[in-house]
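The values are calculated or read from the model by the stated rules, or taken from the named source; none is laboratory data. Predicted, not measured: the structure shown is a model, and the values here were computed from it. Every residue, glycine among them, receives a Cβ derived from its backbone with ideal geometry; neighbour counts consider all protein chains shown. The accessibility values were calculated without ligands, DNA or RNA, using every heavy atom of the protein model including side chains. Shrake-Rupley method; radii C 1.70, N 1.55, O 1.52, S 1.80 Å.
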Amino acid sequence: MRIAIYPGSFDPITKGHLDILKTGAEIFDKVIIAVARNSEKKGFLSIDDRVKLIRESIKDLENVEADSFEGLTIEYAKKKGAKVLIRGLRAVSDFEYELQLSQANSALCSDIKTVFLTTKPKYNFISSSTIKEIYLNNGDISKFVPEPVYEFLKSRNVS
Ligand code: ADP
């Protein structure tokens, strides 16, 4: 069974993330989308809310599950029996950081490979930070996030 981990902050999950996830789910037998519990990064949403919103957004993807983890991604991948990490690329600006990260992971554990996926062009510019900015300035984020995220943010004053 080919298991892949899609790690990230997902603060919150966007339609860009979801598009990557759908492609991953077609390629691999199982994809685990995993929220990294990074103590240094002050989040917008709590880890539990991020995981809950991911679960609600992936209901129609049968071979995808959501989780969170602490510590090194490769250790989490080993624990889950995954040999592949999925990361997304939007632009050249993502490339340098993503290349470094994948090489660091590869140096730590050569058995685990990173694959890079891209989204449909219409989702390419979407990032969690852009969405936060639009939301906090009362803009319309409905086009950029899955329905459960939109409803959650509409019903709560997270700012
Ligand atoms: P991180 O904080 O680990 O970068 P993110 O939640 O911001 O986590 O993103 C997780 C992964 O998804 C990263 O590899 C990022 O480049 C990718 N990604 C995010 N948005 C998009 C998008 N619109 N198109 C392609 N890849 C994306």
Q: State yes or no: is E147 loosely packed, with under 15 Cβ neighbours inside 10 Å, touching a residue at least 12 places away in the same chain (Cβ under 8 Å) and within 24 Å of E26 (Cβ to Cβ)?
A: yes
Q: Examine the stretch 88-109 for a residue that is assigned to a strand (DSSP E or B) and open to solvent by less than 60 Å² (accessible area, probe 1.4 Å), and state whether such a residue exists.
A: yes
**Q.** Tally, over the stretch 110-147, of residues that are more than 14 Å from the ligand (Cβ to nearest atom) and either at positive phi or part of a loop (DSSP other than H, G, I, E, B) (or both)
**A.** 8
Q) So how many residues does the stretch 1-41 have that are more than 13 Å from I86 (Cβ to Cβ), within 12 Å of the ligand (Cβ to nearest atom) and of a type in the set (S, T, Y)? A) 2
Q) Applying the selection to the stretch 78-87, what residues are outside any loop (DSSP other than H, G, I, E, B) and either open to solvent by 50 Å² or more (accessible area, probe 1.4 Å) or in contact with an Asp or Glu (Cβ under 9 Å, 6 or more places away or on another chain) (or both)? A) K78, K79, K80, R87
Q | When residues of the stretch 42-59 are limited to those that are in contact with a strand residue (DSSP E or B) (Cβ under 7 Å, 6 or more places away or on another chain) and either near the ligand (Cβ under 10 Å from one of its atoms) or not in a loop (DSSP other than H, G, I, E, B) (or both), the one most open to solvent (accessible area, probe 1.4 Å) | A | R55
